[in-house]
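*Asks:* Take this structure, written in structure tokens, and hold onto it; I'll ask about it next.
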Amino acid sequence: MTRLTRFFALPILLLCGLQLPAQEPKTLPLPDDRYKADILLVVAHPDDEAAATPYLARALDEGKRVAVAYGTRGSSGTNEAGAEQAAALGDIREIEARRALSSLGIANVWFLGGQDTASQNVLQSLANWGHGATLERLVRIVRLTRPEAVLTFLPGTFIGEDHGDHQASGVLATEAFDLAGDPTAFAEQLAAPMRRLEPYFENLRPWQAKKIYYFPDAADDAIFRGKGPEYSVKEISKSKQQAYWRIALEAFRTHETQAKGFLDSLSKMSEEQIEKMAVSDYGWADAQRFVLGKSLVGGSMTGDILENIQADAIPFARAQAIAETARLDLSVELAGTWSYYEEFRRAHGLTHLPHPEPPEIALQEGTTLVIPLWLRNQTAASREILLTVDLPAGWKLQSGGGKVIVSAKQVAAARVEISLSALADPATKKQDPQEVTVRADSNGQNIGAVKLRVALRKRALPQ
Ligand SMILES: [Zn+2]
């Protein structure tokens, strides 16, 4: 090669290089696998995870990935460990919950920002949490964690602790289960970035979880038996060489602000005494029971939670609402959370979920029972309705009985208020349920009746 040709060859080669498509194809980013979960637990308060920790410890042993979402940070109630209250207590309880879960090996934990609500009324909790904004946050967590199965409190009202916040976590988890796969729900979470530092669009993908299971917040679990899988907590964990209930109890030790008295007594017990306590007093050694809400992949009702789960994503399954039952032109119905749950089960295809019939509630002795009613008049004229109330001995009608007028084509809200007696035997902490009936008559004809079973307790959350 002459000196001259060498001089020209270099620029020609460079030119050729620019023209060749020598670049490797660019792989577009994938969802972050560190946040993928097999199981997403949705509960209300720090320490509620204990309702499922023995099962979660087992699932972790089997190599499953678990994520947890809490409705609130637990910033109300007494502090058993220190002076802090309110928001500062919430700061502490968030850490206590994170430590409990990290002792099991769970790091992916989120708090949805709801406020503690001390009542049995799920609608009060949903109002206090900011229902819409909290649902939006939970849908985001479902899309981020892409769970195969969701575990949560059973949305329903029962004699038991029946905490409105627990129920709210179950309502929101069910709504998120049905919405996260919908490409039109909170679509701003799904939109692709429009610029390099995208401030609004999240680039998540819709996600349809495959199964949802519930655990009830009821005192008596008879109606839930056989409605889902059951797990012994006495089996020994391969990774920790301890029974699952014992691992769960160990994880619970972080909750000092909620249970310091109990934890202090625990630290003074021998292993043998702990075992005796677990079996006799606190239900730590009871089997864990779940209720199958929905499976979009088949399987049996009592089969394993992850039965029939395959690695592939499944398409969005729009919730199939079940048709409304026909009503008479003139009718009376129990309203409030009871009618809400009736509609909720219908809207989410959950009419098989166990619920007590007649409906029930436990209330503190000497307080007021409120029976909310819907009075429906679909006739073309105003109608007079007479409400009469049958009460157990010693209970008194405060207000709401007598005649009311419902205008034509209207659904009106009415309310009966009843003063409850004290417990028959002050030494007992509870009394068997008694029945209250509200009868509705119009023009001398009975148009329906509402029955409610009410149990008195020494202590209960407000209605
Ligand atoms: Zn709780």
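*Asks:* For segment 219-274, which positions are under 24 Å from L60 (Cα atoms) and hydroxyl-bearing (S, T, Y)?
*Replies:* Y231, S232, S237, S239, Y244, T254
*Asks:* I'm told F158 meets every condition in (1) farther than 24 Å from W110 by Cα; (2) touching a helix residue (DSSP H, G or I) at 6+ places or on another chain (Cβ under 6 Å) except one. Can you identify the failing condition by its number?
*Replies:* All conditions are met except number (2).
*Asks:* From the list D33, D38, exactly one residue is open to solvent by 70 Å² or more (accessible area, probe 1.4 Å), modelled with pLDDT of 95 or more and away from the ligand (no atom under 16 Å from the Cβ). Which is it? Spell out how you get there, then give the answer.
*Replies:* Values: D38 fails: open to solvent by 70 Å² or more (accessible area, probe 1.4 Å).
Exactly one of D33, D38 is open to solvent by 70 Å² or more (accessible area, probe 1.4 Å), modelled with pLDDT of 95 or more and away from the ligand (no atom under 16 Å from the Cβ), namely D33.
*Asks:* Sticking with this one: For residues that are in a loop (DSSP other than H, G, I, E, B) and closer than 30 Å to I274 by Cβ, tally how many sit in segment 285-318. Give the steps one after another, and end with the answer.
*Replies:* If we filter segment 285-318 for residues that are in a loop (DSSP other than H, G, I, E, B), which is where we start, we get 285-287, 290, 296-318.
If we keep only those that are closer than 30 Å to I274 by Cβ too, we end up with 285-287, 290, 304-305.
Total satisfying the criteria: 6.
*Asks:* Let me ask something additional. I'm checking my understanding of the structure. Among residues of segment 156-171 that are part of a loop (DSSP other than H, G, I, E, B) and within 14 Å of the ligand (Cβ to nearest atom), which one is farthest from the chain's Cα centre (by Cα)? Step through it out loud before you land on a result.
*Replies:* Taking segment 156-171 as the starting set, the residues that turn out to be part of a loop (DSSP other than H, G, I, E, B) are 156-163.
Right, trim to within 14 Å of the ligand (Cβ to nearest atom) and you get 160-163.
Working: G160: 16, E161: 14, D162: 12, H163: 11 Å.
The residue in question is G160.
*Asks:* I've got another one for you. Right, E256: among the acidic types (D, E) and farther than 15 Å from A81 by Cα or not?
*Replies:* Details: among the acidic types (D, E): yes; farther than 15 Å from A81 by Cα: no.
Judged against the criteria, E256 is not a match.
*Asks:* Count, please, the residues in segment 64-87 that happen to be within 16 Å of the ligand (Cβ to nearest atom) and closer than 20 Å to L101 by Cα. Don't jump to the end; show me each part of the working.
*Replies:* The first filter runs over segment 64-87 and keeps only residues within 16 Å of the ligand (Cβ to nearest atom), leaving 68-80.
Applying the additional criterion that residues be closer than 20 Å to L101 by Cα yields 68-75.
Summing the residues that are within 16 Å of the ligand (Cβ to nearest atom) and closer than 20 Å to L101 by Cα in segment 64-87 gives 8.
*Asks:* Restricting to segment 42-63, name every residue that is assigned to a loop (DSSP other than H, G, I, E, B) and within 15 Å of the ligand (Cβ to nearest atom).
*Replies:* A44, H45, P46, D47, A52
*Asks:* While we're here: What is the one condition in (1) surrounded by fewer than 24 Cβ atoms within 10 Å (Cβ to Cβ); (2) within 16 Å of the ligand (Cβ to nearest atom) that F153 does not satisfy?
*Replies:* Result: F153 fails condition (1) only.
*Asks:* What about L123, is it part of a helix (DSSP H, G or I), buried (at least 21 other Cβ atoms within 10 Å of the Cβ) and out of contact with any Gly (no Cβ under 7 Å at 6 or more places or on another chain)? Steps first, please.
*Replies:* Working: part of a helix (DSSP H, G or I): yes; buried (at least 21 other Cβ atoms within 10 Å of the Cβ): no; out of contact with any Gly (no Cβ under 7 Å at 6 or more places or on another chain): yes.
No: the conditions fail for L123.
*Asks:* So if I check each of L391, L387, L456, which one is open to solvent by less than 30 Å² (accessible area, probe 1.4 Å) and under 34 Å from the mean Cα position of the chain (by Cα)?
*Replies:* On the way: L391 fails: open to solvent by less than 30 Å² (accessible area, probe 1.4 Å); L387 fails: under 34 Å from the mean Cα position of the chain (by Cα).
Result of the check over L391, L387, L456: L456.
*Asks:* Also, I was wondering about something else. Might you check whether a residue that is within 27 Å of L204 (Cα to Cα), modelled with pLDDT under 95 and either more than 16 Å from the ligand (Cβ to nearest atom) or open to solvent by 30 Å² or more (accessible area, probe 1.4 Å) (or both) occurs anywhere in segment 7-24? Explain how you work it out, then say what you get.
*Replies:* First, the residues of segment 7-24 that are within 27 Å of L204 (Cα to Cα): 24.
Of the ones still in play, those that are also modelled with pLDDT under 95 are 24.
If we keep only those that are either more than 16 Å from the ligand (Cβ to nearest atom) or open to solvent by 30 Å² or more (accessible area, probe 1.4 Å) (or both) as well, we get 24.
Yes, that holds for at least one residue.
*Asks:* Looking at G130, G77, which one is small (G, A, S) and at pLDDT below 95?
*Replies:* Details: G130 fails: at pLDDT below 95.
Selected residue: G77, the only one of G130, G77 that is small (G, A, S) and at pLDDT below 95.
*Asks:* Can you list the strands (runs of 3 or more DSSP E) lying wholly within segment 350-456 that have 1 or more residues being at pLDDT 95 or above and under 30 Å from K211 (Cβ atoms)? Full working, then the answer.
*Replies:* Values: elements: 360-364, 368-377, 383-390, 396-399, 402-406, 410-419, 434-442.
The strands (runs of 3 or more DSSP E) meeting that bar are 360-364.
*Asks:* Filter segment 261-278 down to residues that are among the small types (G, A, S) and more than 14 Å from R246 (Cβ to Cβ) and give me whichever is surrounded by the fewest Cβ atoms within 10 Å (Cβ to Cβ). Break it down stepwise before answering.
*Replies:* Residues of segment 261-278 among the small types (G, A, S): 261, 265, 267, 270, 278.
Narrowing the set further to residues that are more than 14 Å from R246 (Cβ to Cβ) leaves 261, 265, 267.
Values: G261: 11, S265: 13, S267: 9.
Here the answer is S267.
*Asks:* OK, next. Can you work out which of the residues in segment 156-171 that are of a type in the set (D, E) and surrounded by 24 or more Cβ atoms within 10 Å (Cβ to Cβ) is modelled with the lowest pLDDT? Working first, answer last.
*Replies:* If we filter segment 156-171 for residues that are of a type in the set (D, E), which is where we start, we get 161-162, 165.
Now drop any that are not surrounded by 24 or more Cβ atoms within 10 Å (Cβ to Cβ), which leaves 162, 165.
Values: D162: 94, D165: 98.
That would be D162.
*Asks:* Being farther than 17 Å from T254 by Cβ and either surrounded by 23 or more Cβ atoms within 10 Å (Cβ to Cβ) or within 16 Å of the ligand (Cβ to nearest atom) (or both): is that true of A133 here?
*Replies:* Details: farther than 17 Å from T254 by Cβ: yes; either surrounded by 23 or more Cβ atoms within 10 Å (Cβ to Cβ) or within 16 Å of the ligand (Cβ to nearest atom) (or both): no.
In short, no.
*Asks:* Follow-up question, since we're still on this one. Kindly indicate the residue of segment 88-117 that is open to solvent by less than 20 Å² (accessible area, probe 1.4 Å) and in a strand (DSSP E or B) and also nearest to the ligand (Cβ to nearest atom) among those meeting that condition.
*Replies:* Out of the qualifying residues, it is G114.
*Asks:* Name the residue that is most open to solvent (accessible area, probe 1.4 Å), counting only residues in segment 291-313 that are hydrophobic (A, V, I, L, M, F, W, C) and touching a Leu at 6+ places or on another chain (Cβ under 7 Å).
*Replies:* From segment 291-313, those hydrophobic (A, V, I, L, M, F, W, C) are 291-292, 296-297, 301, 305-306, 309, 311, 313; that's our starting set.
Still in the list and also touching a Leu at 6+ places or on another chain (Cβ under 7 Å): 291, 301.
Values: V291: 3, M301: 83 Å².
Among those that are hydrophobic (A, V, I, L, M, F, W, C) and touching a Leu at 6+ places or on another chain (Cβ under 7 Å), it is M301.
*Asks:* A further question follows. For segment 319-341, what are the residues that are in contact with a Lys or Arg (Cβ under 9 Å, 6 or more places away or on another chain) and part of a loop (DSSP other than H, G, I, E, B)?
*Replies:* The answer is A319, A321, I322, A323, E324, T325, R327, L328, D329, A335.
*Asks:* Among the residues that make up segment 222-239, is at least one of them open to solvent by 20 Å² or more (accessible area, probe 1.4 Å) and part of a helix (DSSP H, G or I)?
*Replies:* yes
*Asks:* Does segment 172-183 hold any residues that are touching a helix residue (DSSP H, G or I) at 6+ places or on another chain (Cβ under 6 Å) and either within 16 Å of the ligand (Cβ to nearest atom) or at pLDDT below 95 (or both), and which are they? Spell out the reasoning first.
*Replies:* First, pick out the residues of segment 172-183 that are touching a helix residue (DSSP H, G or I) at 6+ places or on another chain (Cβ under 6 Å): 172, 175-176, 179-180.
Passing the criteria: only L172.
The values are calculated or read from the model by the stated rules, or taken from the named source; none is laboratory data. Quick caveat: nothing in here was measured; it's all calculated off a predicted structure. As a convention, Cβ positions derive from the backbone with ideal geometry for all residues, glycine included, and neighbour counts pool all protein chains shown. With ligands, DNA and RNA removed, areas are computed over all heavy atoms of the protein, side chains included. Shrake-Rupley method; radii C 1.70, N 1.55, O 1.52, S 1.80 Å.
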